[in-house]
Amino acid sequence: MTHDHHHEIPRYTPEQTELALNPPAGRNGGDLVVETLHGLGATTVFGLPGQHALGMFDALRRSDLDYIGLRVENNAGFAADAYGRVTGEVAPLLLSTGPGALTSLAALQEAAAASSPVLAISSQIPSAGLGGGRHGYLHELRDQQASFRDIVKSVHLVRTASQIPSAIAAAWESALTAPHGPVWVEIPQDILLKETTLPLVTAVDATPRELLPRPELIAVAAHALSHARRPVIIAGGGVVRADAAGKLRALAEKLNAPVVTTFGGKGAFPWEHPLSLQSWLEDRHTTDFLEDADVVLVVGSGLGELSSNYYTFRPRGRVIQIEADLGKLESNVPALGIHADAREALSALLESVTGREGAEAARDAVRTVLEKVRARLDAQDLALEQRVLASVREALPATAPSFWDMTILAYWAWSAWPGPMHSGQGAGGLGYGFPAAIGAAAADVTKPVLAVSGDGGAMYSIAELATARQYDLPVTWLIVDDGGYGILREYMTDAFGETTGTELARPDFVALAESFGVPAVRTSPETLREDLSKALAAPGPSVVVLPALLKLFAPTHLA
């Protein structure tokens with residue numbers, strides 16, 4: 001059988017052959033790791049050194065990769081996650097064995113939930129200790145990979161030096177194949193340290209597989225959308241990850257279909273567009289409108305807890321769901337399930353649907369829903385919260401990214417922030433905001449990055465003030481200090497009438513930041529916009545502390 005479509009293997013020149021036959025001396029398995037990453041196109045790596053991983057870290061010294069070292073492995077994982085989100089590129093994360101690797105698990109869970117392409121490369125105890133015997137090596141686990149299998153997309157084990165380039169290339173390809181996600185490579189200490197005579201790793205091929213929609217499903221979906229009377233679109237994080245916002249907008253305008261974005265899908269559709277229902281998914285007026293549609297196109301969302309108004313969304317019309325993660329297809333709502341990358345599926349639909357009339361009716365309907373949402377908010381005593389969020393929006397330059405921890409102001413931003421934002425809502429763990437902002441700043445040091453945390457979440461990442469200062473990164477950290485775990489305080493008060501474990505002693509955040517050499521200011525709701533603008537405009541890291549007790553708007557899913 002002949003294959004005439006495969007890539008030609010490039011012929012080596014005599015000079016290249018000579019270099020391959022006589023590689024530079026003093027290289028080890030760690031060099032093969034670093035050379036492979038370079039050959040795949042990596043420019044920046046994140047991580048934290050540890051005893052078994054030192055072969056990799058020594059090799060970094062001989063490479064031109066930029067290294068950003070954080071102070072806690074979980075924060076290094078959050079930084080890599082954010083780098084992957086803002087660039088769409090693989091973010092390598094170098095970890096040590098046992099406790100070092102395990103400390104990254106919560107960050108890898110967030111990367112998995114948010115489809116972020118993080119390539120974790122972990123060391124392992126020496127090969128002599130593998131195989132089930134309990135030898136008592138430092139950091140030894142009975143089965144290290146088992147701790148990662150439940151979380152990452154794929155696990156790649158290396159047991160000889162010659163396996164390193166292919167294992168990392170396979171992991172890279174997996175991380176970038178839709179849906180993006182974190183992957184894990186494990187290499188024993190002795191393999192990383194042992195000198196190698198293998199030639200320098202040059203270009204490595206790791207092309208992600210395309211996830212194309214099946215044509216018969218597109219035909220059925222296009223017919224349903226073209227003939228719908230009241231179509232609506234729910235756009236999720238899959239649209240953002242696939243860089244498909246342009247395709248989505250073109251389809252919505254062709255169909256005159258209102259679009260609501262999920263919290264992870266913010267930025268998938270222009271906030272002020274006349275067809276934009278924005279992101280008010282936790283408001284029953286939005287839920288009712290979506291339920292009333294005769295065809296609902298869900299793109300790049302599994303309609304999970306937050307996207308379904310806590311599972312109260314019960315569509316009466318026909319649902320079409322485009323989703324790259326097979327496990328999410330029809331997992332919450334019966335639908336015509338199309339397993340595909342959002343960009344490819346939207347392209348196919350755009351070519352197949354016929355335009356619909358009804359632009360005026362669709363725009364009127366959108367205006368009516370947003371007016372009802374606004375009226376519900378205005379009926380509550382929430383002027384402070386809305387002013388604080390507006391001040392943050394006004395202070396942040398339009399192109400500057402923002403990263404939000406699990407805090408009350410972020411819960412507001414999910415619904416009310418006009419445009420793209422990044423948060424830890426995929427897995428919902430604390431401590432995401434500040435280290436994530438560090439990762440985004442490492443990807444582009446030319447523009448400021450905003451991090452937003454509560455005082456509880458801030459304590460997870462205080463150590464990274466040292467990182468921001470060490471690399472002089474343009475990250476401004478807004479800490480909303482309400483003296484505890486504010487959202488849990490609200491939940492417990494509502495459920496039990498009193499709280500347990502939510503009230504926190506905390507440091508003087510301004511003095512603490514200044515002890516790291518990071519300028520800091522205590523602000524107020526009245527001066528927030530000015531203080532935050534100033535901090536964002538100044539070079540390097542800064543902290544703005546806002547003492548404020550914010551409330552969340554009333555939920556609509558409990559009735």
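The values are calculated or read from the model by the stated rules, or taken from the named source; none is laboratory data. Note that the coordinates shown come from a computational prediction; the quantities given were computed from them, not determined experimentally. Cβ: placed from backbone, ideal geometry, glycine included. Neighbour counts: every protein chain shown. Surface accessibility is based on the protein's heavy atoms, side chains included, excluding ligands, DNA and RNA. Shrake-Rupley method; radii C 1.70, N 1.55, O 1.52, S 1.80 Å.
Among the residues of region 86-106, the one identified as within 25 Å of Asp444 (Cα to Cα) and free of Cβ contacts under 8 Å to residues at least 40 places away in the same chain is Ser104.
Annotation for region 220-239: at least one member residue is more than 20 Å from the chain's Cα centre (by Cα) and closer than 22 Å to Ala113 by Cα. Taking the criterion of being assigned to a loop (DSSP other than H, G, I, E, B) and not charged (D, E, K, R), the residues of region 77-107 that qualify are Gly88, Val90, Ser96, Thr97, Gly98, Thr103, Ser104. Taking the conditions exactly as written (surrounded by fewer than 24 Cβ atoms within 10 Å (Cβ to Cβ) and either modelled with pLDDT of 95 or more or farther than 24 Å from Ala59 by Cα (or both)), does Ala112 satisfy them or not? Against the criterion (surrounded by fewer than 24 Cβ atoms within 10 Å (Cβ to Cβ) and either modelled with pLDDT of 95 or more or farther than 24 Å from Ala59 by Cα (or both)), Ala112 qualifies. The strands (runs of 3 or more DSSP E) found wholly in region 257-355 and carrying at least 2 residues that are of a type in the set (S, T, N, Q) occupy 276-278.
Only one of the numbered conditions (1) open to solvent by 20 Å² or more (accessible area, probe 1.4 Å); (2) charged (D, E, K, R); (3) within 29 Å of Asp81 (Cα to Cα); (4) at pLDDT 95 or above is not met by Glu186, and that is (1). For region 444-466, give me each residue that is touching a residue at least 60 places away in the same chain (Cβ under 8 Å), open to solvent by 10 Å² or more (accessible area, probe 1.4 Å) and among the aliphatic types (A, V, I, L, M). If the condition is that a residue be touching a residue at least 60 places away in the same chain (Cβ under 8 Å), open to solvent by 10 Å² or more (accessible area, probe 1.4 Å) and among the aliphatic types (A, V, I, L, M), then Ala463, Ala466 are the ones that fit.
Please state which one of Leu105, Leu176 is in contact with a helix residue (DSSP H, G or I) (Cβ under 8 Å, 6 or more places away or on another chain), open to solvent by 30 Å² or more (accessible area, probe 1.4 Å) and over 21 Å from Leu60 (Cβ atoms). On inspection, the qualifying residue turns out to be Leu105.
Among the criteria (1) over 18 Å from Pro448 (Cα atoms); (2) free of Cβ contacts under 8 Å to residues at least 40 places away in the same chain, the one Val521 does not fulfil is (1). Applying a threshold of 8 Å to beta carbon distances and a minimum spacing of six or more residues, or different chains, the list of pairs starting in region 159-172 at a residue that is under 16 Å from Leu130 (Cβ atoms) and ending at one that is hydroxyl-bearing (Ser, Thr, Tyr) reads Arg159/Ser127; Ala161/Thr196. Restricting attention to region 316-343, the residues that are open to solvent by 60 Å² or more (accessible area, probe 1.4 Å), charged (D, E, K, R), under 23 Å from the mean Cα position of the chain (by Cα) and over 11 Å from Gly302 (Cα atoms) add up to 1. Scanning region 409-443 for residues that are in a helix (DSSP H, G or I) and open to solvent by 10 Å² or more (accessible area, probe 1.4 Å) yields Tyr411, Ala416, Ala442, Ala443.
Report whether or not Leu192 is within 30 Å of Tyr12 (Cα to Cα), crowded, with 24+ Cβ neighbours inside 10 Å and modelled with pLDDT of 95 or more. For Leu192, the condition - within 30 Å of Tyr12 (Cα to Cα), crowded, with 24+ Cβ neighbours inside 10 Å and modelled with pLDDT of 95 or more - is met. The residue of region 195-241 that is nearest to Gly358 (Cα to Cα), among those that are of a type in the set (D, E, K, R) and crowded, with 16+ Cβ neighbours inside 10 Å, is Arg230. Only one of the listed residues (Leu473, Leu532, Leu488, Leu478) is in contact with a strand residue (DSSP E or B) (Cβ under 9 Å, 6 or more places away or on another chain) and in a helix (DSSP H, G or I). That residue is Leu532. Cβ contacts < 8 Å: first residue in contact (Cβ under 8 Å) with a residue 12 or more places away in the chain and farther than 23 Å from Arg469 by Cα, restricted to region 55-71; second residue open to solvent by 50 Å² or more (accessible area, probe 1.4 Å) and part of a helix (DSSP H, G or I), any location; separation 6+ or different chain. Result? Close Cβ pairs satisfying both conditions: Gly55/Leu193; Ser63/His38. Any chance region 293-300 includes a residue that's within 24 Å of His223 (Cα to Cα) and open to solvent by 20 Å² or more (accessible area, probe 1.4 Å)? So far as region 293-300 goes, yes, one or more of its residues are within 24 Å of His223 (Cα to Cα) and open to solvent by 20 Å² or more (accessible area, probe 1.4 Å). Being buried (at least 23 other Cβ atoms within 10 Å of the Cβ) and not aliphatic (A, V, I, L, M) holds for only one residue in Pro126, Pro92, Pro99, and it is Pro92. Hand me the list of helices (runs of 4 or more DSSP H) wholly inside region 1-72 holding 3 or more residues that are surrounded by 15 or more Cβ atoms within 10 Å (Cβ to Cβ). Output list reads 29-40, 54-61.
Condition check for Ala505 on (1) surrounded by 15 or more Cβ atoms within 10 Å (Cβ to Cβ); (2) out of contact with any helix residue (DSSP H, G or I) (no Cβ under 7 Å at 6 or more places or on another chain); (3) more than 29 Å from Leu93 (Cα to Cα); (4) among the hydrophobic types (A, V, I, L, M, F, W, C): one failure, at (1). Does region 499-523 hold any residues that are out of contact with any strand residue (DSSP E or B) (no Cβ under 7 Å at 6 or more places or on another chain) and more than 23 Å from Leu430 (Cβ to Cβ), and which are they? Correct list: Gly517 only.
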